[in-house]
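Derivation of every value follows stated rules applied to the coordinates shown; laboratory data play no part. Since we're looking at a predicted model, the values are computed, not measured. Methodologically, a virtual Cβ is constructed for each residue, glycine included, from the backbone with ideal geometry; neighbour enumeration extends over all protein chains shown.
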Amino acid sequence: MTLSTEAATASAPATVPLLQADDVTMRFGGLTAVNKVSMTVNEGEILGLIGPNGAGKTTFFNCLTGLYKPTEGHVRLCGVELPPKPRAVVQAGMARTFQNIRLFANMTALENVMVGRYCRTSSMAITSILHGPKYRREEAETRARAQELLDFVGLGDSTEHLARNMPYGNQRRLEIARALATDPKLVLLDEPTAGMNPLETRQASDLIFKIRDTGLAVVVIEHDMRFIFNLCDRVLCLVRGETLIVGTPNEVQSDPRVIEAYIGTGIDDDDDDDDDQDSDGHDGATNAQDEQDTP
Amino acid sequence: MMKILTVPPGVVARHGSKAWPLGLAGAGLLILGSLLSWSYDPQVLGDLSISFNPGGLQIMAIALALFAVILLLARKGPLTFLGQWADTAKGLNALATWTLLFMAMVVVAIAVEAGGLINVQPGCWVSLLGAVALFVASRLVVSRKTRDLAEALLPGWAEILVIVVIMAALLFGTAYALNVADGWVLLLFLVFATAMAIGGTRAGLMSWLGHVSLRRRRELILASFAVAFCFPLTQGGSDANMSIAAQVLVFAAAAMGLNIVVGLAGLLDLGYIAFLGAGAYVGATLSTSGFATIGWKPPFIVVILVAACFSGMLGLIIGTPTLRVNGDYLAIVTLGFGEIFRLTMFNLDGNNGPDLTHGPNGIPAIPDLIFGNFNFGDTHYLLGIPLSRFSNYYFLLLILLAFVIMVFHRLNTSRIGRGWVAIREDEKAAEAMGVNVFGLKLLAFASGAFLAGMAGAIKAHVDVSVTPDQYVFLESAFLLAAIVLGGMGTIVGVLLGAVILKLLPEKLRFFADYRLMLFGLLLVLMMRFRPEGLVASRRRQLEFHEEDEELAVRVEGDIAEEVQG
C-alpha cells in the first residue's frame, strides 16, 4: 500500500493531477471488491490498469465513473470532488466505454455519437418545438462534430450504418467515438481490444495514441500484456481489489509479485489454490452485481 | 392469406400459360355480373336489383375486377412497363383471394338479409363464377423478378397527382363508409378496402409510395390536411357523422400525446385519461356554464393554456416520485393515479370537501365556444355547403391535432428524441453518456399531460358536460390499445389506430356487446404476429426483431436513401 502511494506521488508533477482517486473502497455486503485503491492520472498520460480476472478493475472503473457509489474514498477531477452520479461525471469531463459493448444497437453510428453530444448541448423542449435558428445551428454543429469524430476513429464511411450491423472491431471504435463526443479530459477504456485479432489490436493502440496526442489522458483496462506494456506510460496492477504496484511498464513487468499474481509460484500450492478460488469468487460476485444493476 | 391453396409446381408448369386468358375471362365475368341484377329484393344491401345500374357493392366488385385487369395486363399486354416494377403475381394472389371472399360474403349477406339463397339473382352467380375463375388463374401465375422500386421515378407532377388521387380515394372512401347505415355493407366495404390495400401492397405499390413519400414529404402532409379539412364538406351539414368525427379527433389527439410517453420515452402509462379529464374539468369550471364553480371567466385561449398547464403540473407532480420506478411498477402507479383522479372528481361535491365538480353529476350545460363573432354552436356556410356545430369543432380539433403532431414530430427528431431512444435502448449506457434520464422521462410525462390538457379543454365544450365516469380506466386502456395497434412511436399508425378503435364501435353497433372481447382478441393476435403495430416505426420494428438480420440490412438501406433524399 505504502509503496503504491509513494510511486504515485513521486511521478506526479507539482500541479494538481487530472484525476486523483484516494483510498477508494467498494464493498458489496461482506465482500470487498476494491480495497483502498489510490490512483492519479496526469494530463496527456496513458495509464494501464491490469490484474487477473476478478481483481476489481471494472468495479474500480464503475466507482470512478459514478455507476457505483464507493463505500469509502474520494475521486477528484482537476481537484474538484466528483459526485457519484454518471451524468455529473461525464459533465465534469470523464467518459468511458464498456467491457461488453453497450452501444445503442438500433441507432446509426452517427446517432450514437450524437447522443454522446447530449451533455454538451442545451436545446430543450420549447426550443426544439419552435425550431429557431439557435436550435438549427446547434443541431448542425452536433452533426458536424459527430461526423468529425467518426472520421477521427476511422468510421467516416459507416455514418449511416446501424450499430448492430457493424463488425465487432468497428463497434469498439464507435464506442470510443461516442465517449469522445462528450468532450472529455480523460477517457476510461474498459478492455478496448477484447476479442480482437492482432491487426485490429495494433489499430486500436494507434487510435489510443492518436487520442493521447489530442491532449487527452487515457486509462485502459486490458489483459493483453504486450498491448499494455507498449502503450502505457504507467501501469497499475490490481490483485484481489488491492493495489499491488504502480510504475513504468518495465518496473511492473519485472516485479516478481506481478508474475506471481498471474502465473502463481507453484511452490506453496495449497495456499495459492485457495486464493485462486477466492479471486474467482470475487469475479462471480462482481459480475452478479453488474447484472443486478442492469435493468 | 398468401399461403392459401398453393398449387403444386407441376400443375403450374403445365397450365401456367392458361392463367392469363383465364384471369381476364374471370375479371370480365365479374364485371358483367356486376352490371346485372344481384338480388330480387330492392330493400337489402342498398339497391342491387336493377340491371345496368350498379349499386355500391357492385361498383366495388367492378373496381376489384379492374384492378385485377390492370395487374394482368401488366404481365402481358399494353401495361408491361408496369410489370417490370410490380410483383404482379403476388398482387393478383392476394387480390383474387380477397375478391373471392368478398363475393362469397355478398352471397351470404343477400341470403341472410333477404331470407334465403332464392333471392340471389343470376348476376350475382356470374360475378361469383368470375371471382372463382380469377382465383384459380391467380394460383397459376408465377412470380417474376422485378426491378428495385427506388429507381421507379415519375415526373414530379405525376407523383403529386398520384398522392392527390390516393388522398381523394381515402376521402371518398371514408365519407362513403361513414354514410353506410347497413352493417353488412360496411363490413363488405372493409373487405373491399382490404382487398385493394393488400393487393396493392403485395404488388409493391406501398413500397413505391414509401419511396415517393420520402421524396415528397411536404406535398403529402399538405394533401393529408387538405383532405381532412375537406371532410366536413362531404357531409352536407349532417351532424351524425361529424359528432363521431369530432370524438375521433379528440381521441386521436390524446393518443398522440400518450404516444410521446409510450412510443418515444418507452414509459407505460395506464392513467393517461386523467390528464385529459383534468383539462376537461379546468375547461368546464372556467367556462360560462351556470354550473361552473369558479367565478373567473377568462377567454378560451387563456382557459386552454390554464388547462394545459394544470395538466402538465399534475404530470410533474405524479411523475417526480413515480418515474424513479421502472416498467411494471410505473404502470401500477399510473393506474392508481388514474383512479385517484376519478374518485377525487367524484367526491369533490360539497359533502366530502369543497364543491368544485358537483361530484357524480358533473358540470353540465357548458356553452359553445365563441371566437369573436364566430359561434361554434351555429351553422355556418362555406361555398353554400352548411357546416354544423360539430363541423366547427372538427376544424378546431384538427388544428389542435396538427399542433400535437408537430410537437410530437419535432421532439422526436430533436436532441431530446435521440435521448429518448438512447434511454429505451440502454438506460445505463445513456446515463453514462451524460443523458439526463430522469429529466427526459419527466419531460415526456409532462409534455404528454400538457397536450392532453389542451385536448380536454376543447372536449369539455364538444361534449357539453363533464362527468367523472367519462374518465374511467377503460378509456386509458383504449388509448393505449390505439397506440399498440397502430404502431408505437409513429404518427400515421397511431392516427390509424385511433380511427379504428373509435370509429368501428360507433359504426358496427351490432357487435357493441362483444367489442371488448374482440379488441382483446385483436390485441393478442397483434402481439403474436405483428408486435410493432400496423404501421411500424423503423426503430420499433428493429427493437421487436432483435434477431432479424435481414430486416436490419433493409432498414439500413432505407436510412441511406432518406439521407440522400
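Under 5 Å from the amide H of A:I46 lie the amide H atoms of A:V218, A:D233, A:R234, each residue being 5 or more positions distant or on a separate chain, with H modelled from the backbone and absent for Pro and chain starts.
Shown in residue order for the stretch B:477-489 are the 3J(HN,Hα) couplings computed by the Karplus curve 6.51 cos²θ - 1.76 cosθ + 1.60 at θ = phi - 60°: 4, 5, 4, 5, 4, 4, 5, 5, 5, x, x, 4, x Hz (x for Gly and Pro).
Dipole magnitude for the protein assembly as shown: about 4200 debye, using +1 per Lys or Arg Cβ and -1 per Asp or Glu Cβ, origin at the Cα centre. The overall shape of the stretch B:201-336, judged from the alpha-carbon gyration tensor, is oblate: a/c is not under 1.5, and a/b is no greater than b/c. What the phi angles of the stretch A:169-178 give under the Karplus curve with 6.51, -1.76 and 1.60, with θ = phi - 60°, is a coupling list of x, 5, 5, 4, 4, 4, 5, 5, 4, 5 Hz, glycine and proline written as x.
Taking 0.36 nm per intervening residue step and subtracting the Cα-Cα distance, what contour gain separates B:R215 from B:V302 on full extension? Show your work: numbers first, answer last.
On the way: separation 87, 0.36 × 87 = 31.32 nm, distance 3.97 nm.
This chain segment gains 27.3 nm when fully extended.
When the stretch B:240-522 is described by a simple charge dipole with +1 on each Lys and Arg Cβ and -1 on each Asp and Glu Cβ, the residue from B:N412, B:G362, B:F376 located farthest towards its positive end is B:N412. Computed from the Kirkwood radius of its Cα pairs, the Stokes-Einstein diffusion coefficient for the stretch B:9-230 at 4 °C and 1.567 mPa s stands at 70 µm²/s.
Rounded to the nearest 20 debye, the dipole magnitude of chain B is 1300 debye, with +1 charges on Lys and Arg beta carbons, -1 on Asp and Glu beta carbons, and the Cα centre as origin. Of the residues B:W20, B:W296, B:W38, the one with the fewest other Cβ atoms within 10 Å heads the list, and the complete ranking is B:W296, B:W20, B:W38. Assuming charge only on the beta carbon of Lys and Arg (+1) and of Asp and Glu (-1), the dipole of the stretch A:52-182 about its Cα centre is about 280 debye to the nearest 20.
The H on the amide N of B:D47, modeled in the peptide plane, is under 5 Å from the matching H of B:G56, each at least 5 residues off or on a different chain.
Farthest towards the positive end of the charge dipole of chain B, among the residues B:S213, B:V180, B:A278, is the Cα of B:S213, using unit charges on the Cβ of Lys, Arg, Asp and Glu. Straight-line cross-link reach from B:K145 at under 26 Å between alpha-carbon atoms covers these lysines, not counting any fewer than eight positions away in the same chain: B:K3, B:K18, B:K76, B:K90.
Tell me whether the stretch B:240-522 comes out rounded, prolate or oblate; compute the Cα gyration tensor, take square roots of the eigenvalues as a ≥ b ≥ c, and use a/c under 1.5 as the rounded threshold. Taking the square roots of the gyration eigenvalues as a ≥ b ≥ c, the stretch B:240-522 is prolate. Summarising the amide proton neighbourhood of B:V466: residues at separation of 5 or more, or on other chains, whose placed amide H is nearer than 5 Å comprise B:I363. Within straight-line reach of B:K428, meaning a Cα separation under 23 Å, sit the following lysines at least 8 residues removed in sequence or on another chain: A:K57, A:K69, A:K85, A:K185, B:K441. DSSP beta bridges fully contained in the protein assembly as shown are about 65 percent antiparallel. Longest stretch of chain B clear of exposed loop sites (GluC sites (Glu not before Pro), DSSP loop, at most 13 other Cβ atoms within 10 Å, sites excluded): B:1-545.
Rounded to the nearest 0.05, the FRET efficiency derived from the C-beta distance between A:Y262 and B:A158 at R0 = 60 Å is 0.25. Simple rule: put +1 on each Lys or Arg Cβ and -1 on each Asp or Glu Cβ in the protein assembly as shown, find the dipole, and look at B:C230, B:I59, B:L92; the Cα lying farthest toward the positive end is B:I59. For the protein assembly as shown, the percent of C-alpha pairs falling in each 10 Å distance bin, counted from 0 to the bin holding the largest distance, reads 2, 11, 17, 19, 17, 14, 10, 6, 3, 1, 0.
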